[in-house]
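Here is the structure we will look at, set down as structure tokens.
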Amino acid sequence: MIERWRNLFSIAGLLLILFIFVSTASAQGDKIFADKKCGECHEVQGPSKINSIDERLKKKGPDLWFAGSKFNKGWLAEWLAKGDQIRPIKYSALSPEPATDKHPALSGKEAEDVAAYLSTLVDKEIKEGSVKAGSGNDKKVKKAFDKDFACYSCHKMKVGDEAIGGVSGPTLIDAGKRLNPNWINAYLVNPDRYEPKGRSSKFNHIATPEILSGLADYIASFK
């Protein structure tokens, strides 16, 4: 019995240390985010509110108030340290103007701390487990992606070793490493919640919830 209690206290101690570590990293990330004036380009208060195209055109970067629901934390820290392009064309541009500027890169420790902070920003309306694993294998789902909605006309994807597709939307190459399937599903169901007045096509009024959920699972398989 004593040994059992000792083990429980050890586990509790480790969890407490982990909680303190994560909380400290998040607080540091919050400070770095503020010091580097990231809020000048990214909104961390939600839901997203854009009332006109003119307001949309003034935005310099995507909202991040749901970053913890959207991005996989490990990928986010790695990306913040590199700043590679996800959108082939300039954010908010109406014309296909190439995105030539890299996102400012952070040092390894800064990237980890900011990723920890952004991971605390979640949309509480997104339901965990809303996407059934394997539902993207349905033939109707793949038909919707390839033919009905022609998603590759706006998004790059890989077919074998070859990259194909359009450039008006974010690349879907390695989307499964980047995005949480539950968030993909939430976005497909209600894109205006996350990107009002955006250029993304809307399929929520012509596709069943099962198809949208399957699409989320299918896109999350791109790794």
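Taking (1) open to solvent by less than 30 Å² (accessible area, probe 1.4 Å); (2) free of Cβ contacts under 8 Å to residues at least 60 places away in the same chain in turn, E162 satisfies each apart from (1).
Among the residues of the range 54-74, just one is of a type outside the set (D, E, K, R), surrounded by fewer than 15 Cβ atoms within 10 Å (Cβ to Cβ) and either more than 22 Å from N190 (Cα to Cα) or under 12 Å from the mean Cα position of the chain (by Cα) (or both), namely G74. Selection within the range 18-46: residues that are open to solvent by 40 Å² or more (accessible area, probe 1.4 Å) and of a type in the set (S, T, Y). The member of this set that is modelled with the highest pLDDT is T24. In the range 190-205, the residues that are touching a residue at least 12 places away in the same chain (Cβ under 8 Å) and under 12 Å from R56 (Cα atoms) form Cβ pairs under 6 Å with partners that are among the hydroxyl-bearing types (S, T, Y) and open to solvent by less than 70 Å² (accessible area, probe 1.4 Å), at six or more places apart or across chains, as follows: P196/S48.
Listed here are the residues, each with its yes/no results for (1) modelled with pLDDT under 95; (2) assigned to a helix (DSSP H, G or I); (3) of a type outside the set (S, T, Y).
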site	(1), (2), (3)
S48	yes, no, no
G74	yes, yes, yes
G83	yes, no, yes
I86	yes, no, yes
V114	no, yes, yes
S130	yes, no, no
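In the range 75-120, what residues are within 24 Å of A25 (Cβ to Cβ), free of Cβ contacts under 8 Å to residues at least 40 places away in the same chain and open to solvent by less than 80 Å² (accessible area, probe 1.4 Å)? Once the filter is applied, which keeps residues that are within 24 Å of A25 (Cβ to Cβ), free of Cβ contacts under 8 Å to residues at least 40 places away in the same chain and open to solvent by less than 80 Å² (accessible area, probe 1.4 Å), the range 75-120 yields A77, L80, A81, G83, D84, H103, A105, S107, G108, A111.
The values are calculated or read from the model by the stated rules, or taken from the named source; none is laboratory data. None of these values were measured; they are calculated from a predicted model. As a convention, Cβ positions derive from the backbone with ideal geometry for all residues, glycine included, and neighbour counts pool all protein chains shown. Just so you know, the surface numbers come from the protein's heavy atoms only, side chains and all, with ligands and any DNA or RNA stripped out. Shrake-Rupley method; radii C 1.70, N 1.55, O 1.52, S 1.80 Å.
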